[in-house]
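Below is one structure; the comments refer to it alone.
The values are calculated or read from the model by the stated rules, or taken from the named source; none is laboratory data. In this text the structure is predicted, and so the values were computed from the model without any measurement. With ideal geometry, Cβ positions are generated from the backbone for all residues, glycine too; neighbour counts draw on all protein chains shown.
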């Protein structure tokens, strides 16, 4: 699947154009370097679309490289989910899949090189002591008491670290740069730490692991990356990135460029907070349709094309901003309006008996599958004496501007006939359990009666004798606050108690029984719904993807 039409030029593409025009590079090589310690979220989608999109636009390539330098938090499960998410978005790395662990030997070799050059040393201080010694933005750091060890002593100690002679946290390898540097990242950063943990790819071969800052730039150089695109939080790390490239015998000199990350209101993007939502059972898992994870929005029914279009629409800038989730939902509607087939479903049914319709008779009506795509043709819908309509589409004592069904009032049944409510049937508690109506045979499928009377509403319906049954889950925003992680108290205090409503007794067109898990359709008048991954022909299960319009904003104004 190819990416959508190229987005407008931005400062990154301007840089690439200049580099190609000047002859600095004759091709473009980018990379997407996720840590396999969690599931990707929609914020990552922006980086995926940028890196893979640029590679495709410029006829280059994009590498998928897993930054697997922390065996404590990494798992093959995350590797597999990340690959699935990128493929689903429509991108392919081809043969160019790599792991930072592929370079552990070379990185160790370069660490030894820095020691021999007098630019790295083994420090016996613990993490708290190193943190205190680093100083702050107002005060310079202080040199470690172990900073002036000899090259020979450092080489011997680093070898002993590698051989497993020390426990976790006993020693680290640090770069010797400048403890008074105005950028705290340049104040003798840690290059290696001791971790006696088994790695998902290298097993127990290593007990020392390189830090991200020491790994990232050198991995880029080894892969001949031309433009290393990072989010803005890495801007302060760029001087260190460049220091390593300048002070090591690397085979190429990649350039790091930063851009603003994707932020959404009514959402949290922190991996730690997303993990907390999962572990504390506030959601059903990483792929809960309320989660901003790519697996979650896929399960909710968001099309990959809509995510790519959204990322292209918000663009690439240097300025941090928060995007309105309504823009994302609108991108979803735009795609689904053109592509999703239409069906009728009644989520909260009440039975209607059409008393003047022949008993035992059924006729087949036709309705368009998608008016935006006439090539899809029509679908057949059974109609008979008993049907279901939405309970909300009837009121016994309606207010002045209620134009749907009520006693003595006519409405049109979509793609069928006009009906008039003649009688309301209630149980012993006074609850309405059935409506008795009459129909006008002269009003079939859009025809108007010869006497010129009119109706003010069209409602949807489903045959009561020929229908499918389903559980429908109405998902809404997970948080009530625009910035849930910046308000008072915990972000959990702002969870939306109404983010999920389950309707176990929905009635659907029989055509929907053949919809496969993962397919998104429109329930006419109600919104877009996706057949859940657990949906089967025997037990249909649908998740609401998005409404036909932004009802949230309207509801918030009323509130």
In the stretch 394-422, which residues are under 16 Å from residue 350 (Cβ atoms) and in contact (Cβ under 8 Å) with a residue 24 or more places away in the chain? 394, 396, 404, 405, 411, 413, 419, 421, 422
Considering residues that are under 42 Å from the mean Cα position of the chain (by Cα) and either surrounded by 14 or more Cβ atoms within 10 Å (Cβ to Cβ) or on the phi > 0 side of the Ramachandran plot (or both), the number found within the stretch 124-139 is 5
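The rows are residues; the columns are (1) more than 24 Å from residue 549 (Cβ to Cβ); (2) touching a strand residue (DSSP E or B) at 6+ places or on another chain (Cβ under 8 Å); (3) not assigned by TED's automatic domain parsing to the domain that holds residue 459.
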{"position": "355", "(1), (2), (3)": "yes, yes, no"}
{"position": "381", "(1), (2), (3)": "yes, yes, no"}
{"position": "387", "(1), (2), (3)": "yes, yes, no"}
{"position": "390", "(1), (2), (3)": "no, yes, no"}
{"position": "416", "(1), (2), (3)": "yes, yes, no"}
{"position": "421", "(1), (2), (3)": "yes, yes, no"}
{"position": "427", "(1), (2), (3)": "yes, yes, no"}
{"position": "430", "(1), (2), (3)": "yes, no, no"}
{"position": "439", "(1), (2), (3)": "yes, yes, no"}
Within the set of pairs 6 or more residues apart or between chains, which connect a residue that is in contact (Cβ under 8 Å) with a residue 60 or more places away in the chain inside the stretch 428-441 to a residue that is surrounded by fewer than 11 Cβ atoms within 10 Å (Cβ to Cβ) with Cβ atoms less than 6 Å apart? 433/427
Flagged pairs (Cβ under 8 angstrom, 6 or more apart or on separate chains; first in the stretch 108-121, on the phi > 0 side of the Ramachandran plot and modelled with pLDDT of 95 or more; second surrounded by 13 or more Cβ atoms within 10 Å (Cβ to Cβ) and outside any helix (DSSP H, G or I)) are 118/176
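To keep it simple, each residue is scored yes or no on (1) in contact (Cβ under 8 Å) with a residue 60 or more places away in the chain; (2) part of a strand (DSSP E or B).
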{"position": "466", "(1), (2)": "yes, no"}
{"position": "483", "(1), (2)": "yes, no"}
{"position": "488", "(1), (2)": "no, no"}
{"position": "505", "(1), (2)": "yes, yes"}
{"position": "513", "(1), (2)": "no, no"}
{"position": "516", "(1), (2)": "no, no"}
{"position": "530", "(1), (2)": "yes, yes"}
{"position": "537", "(1), (2)": "no, no"}
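Can you tell which of 19, 67, 26 is in contact with a helix residue (DSSP H, G or I) (Cβ under 8 Å, 6 or more places away or on another chain), in contact (Cβ under 8 Å) with a residue 60 or more places away in the chain and within 20 Å of residue 257 (Cα to Cα)? If you could, list the steps in order and put the result at the bottom.
Details: 19 fails: in contact with a helix residue (DSSP H, G or I) (Cβ under 8 Å, 6 or more places away or on another chain); 26 fails: in contact (Cβ under 8 Å) with a residue 60 or more places away in the chain.
The conditions single out 67.
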Looking at (1) part of a helix (DSSP H, G or I); (2) in contact with a strand residue (DSSP E or B) (Cβ under 9 Å, 6 or more places away or on another chain), find the lone condition where residue 106 falls short. (2)
Specify which of the listed residues (473, 525, 453) is part of a loop (DSSP other than H, G, I, E, B) and at pLDDT 95 or above. 525
Residue check for residue 301: at positive phi and either in contact with a helix residue (DSSP H, G or I) (Cβ under 8 Å, 6 or more places away or on another chain) or buried (at least 16 other Cβ atoms within 10 Å of the Cβ) (or both): yes
Based on this model, can you work out whether residue 121 counts as under 18 Å from residue 33 (Cβ atoms) and buried (at least 19 other Cβ atoms within 10 Å of the Cβ)? no
Output the residues belonging to the stretch 235-261 that are touching a strand residue (DSSP E or B) at 6+ places or on another chain (Cβ under 6 Å) and farther than 20 Å from residue 20 by Cα. 235, 238, 241, 261
Filtered residues of the stretch 373-389 (kept if exposed (fewer than 13 other Cβ atoms within 10 Å of the Cβ) and either at negative phi or in contact (Cβ under 8 Å) with a residue 24 or more places away in the chain (or both)): 374, 375, 378, 380
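Out of curiosity, is residue 249 touching a residue at least 24 places away in the same chain (Cβ under 8 Å) and either over 21 Å from the mean Cα position of the chain (by Cα) or surrounded by fewer than 21 Cβ atoms within 10 Å (Cβ to Cβ) (or both)? Give the steps one after another, and end with the answer.
Details: touching a residue at least 24 places away in the same chain (Cβ under 8 Å): yes; either over 21 Å from the mean Cα position of the chain (by Cα) or surrounded by fewer than 21 Cβ atoms within 10 Å (Cβ to Cβ) (or both): yes.
Judged against the criteria, residue 249 is a match.
Table: residues versus (1) part of a helix (DSSP H, G or I); (2) over 24 Å from residue 319 (Cα atoms); (3) modelled with pLDDT of 95 or more; (4) not assigned by TED's automatic domain parsing to the domain that holds residue 157.
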{"residue": "196", "(1), (2), (3), (4)": "no, yes, yes, no"}
{"residue": "220", "(1), (2), (3), (4)": "yes, yes, yes, yes"}
{"residue": "224", "(1), (2), (3), (4)": "no, yes, yes, yes"}
{"residue": "238", "(1), (2), (3), (4)": "yes, no, yes, yes"}
{"residue": "246", "(1), (2), (3), (4)": "yes, yes, yes, yes"}
{"residue": "269", "(1), (2), (3), (4)": "no, no, no, yes"}
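For every residue, the table says whether it meets (1) in contact (Cβ under 8 Å) with a residue 60 or more places away in the chain; (2) out of contact with any helix residue (DSSP H, G or I) (no Cβ under 8 Å at 6 or more places or on another chain); (3) buried (at least 18 other Cβ atoms within 10 Å of the Cβ).
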position	(1), (2), (3)
332	yes, no, yes
338	no, yes, no
346	yes, yes, yes
354	yes, yes, yes
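Does residue 496 qualify as being under 26 Å from residue 339 (Cβ atoms) and either surrounded by fewer than 22 Cβ atoms within 10 Å (Cβ to Cβ) or under 21 Å from the mean Cα position of the chain (by Cα) (or both)? Reasoning before the result, please.
Values: under 26 Å from residue 339 (Cβ atoms): no; either surrounded by fewer than 22 Cβ atoms within 10 Å (Cβ to Cβ) or under 21 Å from the mean Cα position of the chain (by Cα) (or both): yes.
Judged against the criteria, residue 496 is not a match.
Give 143, 154 a once-over and let me know the one that is farther than 30 Å from residue 77 by Cα and not in a loop (DSSP other than H, G, I, E, B).
154
Among the residues of the stretch 71-80, write down those that are touching a residue at least 40 places away in the same chain (Cβ under 8 Å) and either surrounded by fewer than 21 Cβ atoms within 10 Å (Cβ to Cβ) or not in a helix (DSSP H, G or I) (or both). Can you show your working first?
Taking the stretch 71-80 and keeping what is touching a residue at least 40 places away in the same chain (Cβ under 8 Å), we get 71-72, 74-76, 78-79.
If the condition is that a residue be touching a residue at least 40 places away in the same chain (Cβ under 8 Å) and either surrounded by fewer than 21 Cβ atoms within 10 Å (Cβ to Cβ) or not in a helix (DSSP H, G or I) (or both), then 71, 72, 74, 75, 76, 79 are the ones that fit.
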